[in-house]
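Taking it in order: structure first as structure tokens, then the write-up.
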Amino acid sequence: EEEEEARLQNGGFLPCPPGPAGAVPSGTALEEPLRSCRLRGEAPRSPSPPRSPSPPRSPSPPRSPVGDAPSRRDRAEPPVPPRGFTEVSLHSRNTYEVSRRRSAPEHLPLGAAAVVPAAPAPPQEPAERARHWAGIGGAGSSLAEFFSRNFFTKKTKELKPAVQSAPGWKLFGKVPPRENLPKDSKVIQQEYEARTGRMYKPPPPSARRKNIEFEPLSTTALILEDRPANLPAKSVEEALRHRQEYDEMVAEAKKREIKEAHKRKKIMRERFKQEENIASAMVIWVNEILPNWEGMRATRRVRELWWQGLPPSVRGKVWSLAVGNELNITPELYEIFLSRAKERWKSFSETSSENDTEDAGASVADREASLELIKLDISRTFPSLYIFQKGGPYHDLLHSVLGAYTCYRPDVGYVQGMSFIAAVLILNLEEADAFIAFANLLNKPCQLAFFRVDHSMMLKYFAAFEVFFEENLPKLFLHFKSYSLTPDIYLIDWIFTLYSKSLPLDLACRVWDVFCRDGEEFLFRTGLGILRLYEDILLQMDFIHIAQFLTKLPEDITSEKLFSCIAAIQMQNSNKKWAQVFASLMKDNKEGDKNHSPAPKN
């Protein structure tokens, strides 16, 4: 009871215990050391004697245990900060709480001090009120610093101020931060079970994947993973079925990978073998065959090496020797026709029209059309190589060879398809040698008939082709006949470009190798080999699909498959070879022309 009386008299604090002489006198309230905490520059005040408690007065408002409110006489004196305590609550969440309200009445119980409202402060003047609250604020900050530095250090470390997340944003202003924390998966599972009434039954340990050897690399591997906790678990049957499906998919993928790996290895072995054969053949061609060309070109050994394909390093030289130079064209003659072509290009670019004059049977308009067609056709020559298009290394070279030929043979001019033949020659020969081989190659009977568009000769070649077509591929021949599919639909493109547009470039060069050895016969034999290679596919197609298929052949065609089919084609009919069959057709045509010619007049 005495302690409670002393606490009530001292503003809720126990008085300091008695100490030795010279120390703080006994009964001094705890507020004495607190009162010494003041702002810097504030003059110290002499402590006032403690006030004795007065008897309770019911009508009067509650008094502060520290001191009474200042009277009118006191207000005339210089302003002095009040002697009220800042109330410190040890049971609050924060380390200390600063309260500006006055203390509770003296004679109330300790627990009721917080319930009774504080007495209203007497009215003050504005200037005095400002100084009064300034003093309280300074003292409060000093006390707060004192308490935070000297008292309750453990509480300050443990308790942290609440940090609110920054408010979110939406399109038209702020939205308040989310107060609800994300739910745990177990809580979601419990809510789901309470809502649906179904309990979660985990699968047996055998169905779970205990040791995951690898992370799932695709969505197909996710079927082996367990579902999230907020979803119903897989049943044992479903988990086993997913496991079986996944194992099947992995097995199929492994089979495909193994098959592709074997295919790649096979291709690499064939390529290495081909390179070794080419290297050994090149030595034979350079050291033995080319020095003795005229004596060895018709031997069986050379023809077999020729069939296997010429080494790229000697291909251009062998082509030039096989094609020959019956026209006796020299490099100087090529320069003459090239300069003439450049003059015409310059004149056509400067003037839009020329006088209607003729030069060697060709009009200026026809020559101009040929030169303009060359520009258009060069950009479409081997577009995947990007070397003959404008800006490429061989664009001007190809343009020069074709322009010089239009001036050399104005009766033929330029025909679509010539650019592919000249491009293949440029890739294997020098510029002048390519022009010489180009002009002599187009001077052959078959190429001259096609490029001059000699319809009667073209029909004879088609008729000879059909004779051997029926002899070697009778089923496909009848299938084509049923759709009235004539050879001109697919042979014209093959003959005009010598298969350089229809076949891959390396395969087309190998066709050119044997074409230079056997002549025009091999061109039609190659066509029959292509039909034999795709006979099963063509038998299932109609007219439109056959024409589209033969116009653009598959890109995955290999030289081994094609040449095996070509070798199976027999170019004999009733013991007649290609030249004999074609000669008989030419003879029959001449006799027919005589029979249909009108009788001479007497």
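Bear in mind these aren't lab numbers, they're just calculated from the coordinates by the rules spelled out. Model, not experiment: these values are computed from the prediction. Cβ placement follows ideal geometry from the backbone for every residue including glycine, while neighbour counts extend to all protein chains displayed.
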Subject >> Relative pair counts by distance (%), Cα atoms of the stretch 451-591, 10 Å bins >> reply: 11, 43, 38, 8, 0
Subject >> Rounded FRET efficiency, nearest 0.05, which uses the C-beta distance separating Q540 from R303 and R0 of 45 Å >> reply: 0.75
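List, in the order given, every pair from K317/K576; K317/K342; K259/K561 whose Cα-Cα distance in the structure shown is over 22 Å. Could the numbers behind the result be given before it?
Details: K317/K576 33 Å; K317/K342 28 Å; K259/K561 20 Å.
Where the Cα-Cα span goes over 22 Å, the pairs concerned are K317/K576; K317/K342.
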Subject >> Above-threshold pairs, the threshold being 22 Å between Cα atoms, out of K444/K587; K346/K375; K501/K587 >> reply: K501/K587
Original post:
For the pair E193 and D556, what calculated FRET efficiency results from E = 1/(1 + (r/R0)^6), where r is the Cβ-Cβ distance and R0 = 41 Å, to the nearest 0.05?
Top reply: 0.10
Subject >> Charge dipole magnitude, Cβ of K and R +1, D and E -1 - the stretch 237-308, Cα centre, debye nearest 20 >> reply: 360
Original post:
Amide H to amide H, which residues 5 or more places from Q308 or on other chains are under 5 Å from it, using H placed in the peptide plane?
Top reply: none
Original post:
Extent of the stretch 478-555 along each principal axis, from alpha carbon coordinates, in Å, largest to smallest?
Top reply: 35, 24, 20
Subject >> Magnitude of the charge dipole, the stretch 478-585, Cβ model with Lys/Arg +1 and Asp/Glu -1, debye to 20 >> reply: 300
Original post:
Of all the Cα-Cα pairs you can form in the stretch 237-308, what percent are over 16 Å apart?
Top reply: 68
Original post:
Counting alpha carbon pairs within less than 8 Å and at least 6 residues apart, what relative contact order, in whole percent, applies to the stretch 426-502?
Top reply: 22
Subject >> Relative contact order, percent, the stretch 451-591 [alpha-carbon distance under 8 Å, six or more residues apart] >> reply: 34
Original post:
What nm value, rounded to one decimal, do you get for the distance between D411 and E332 when each label is placed 7 Å out toward the C-beta?
Top reply: 2.6
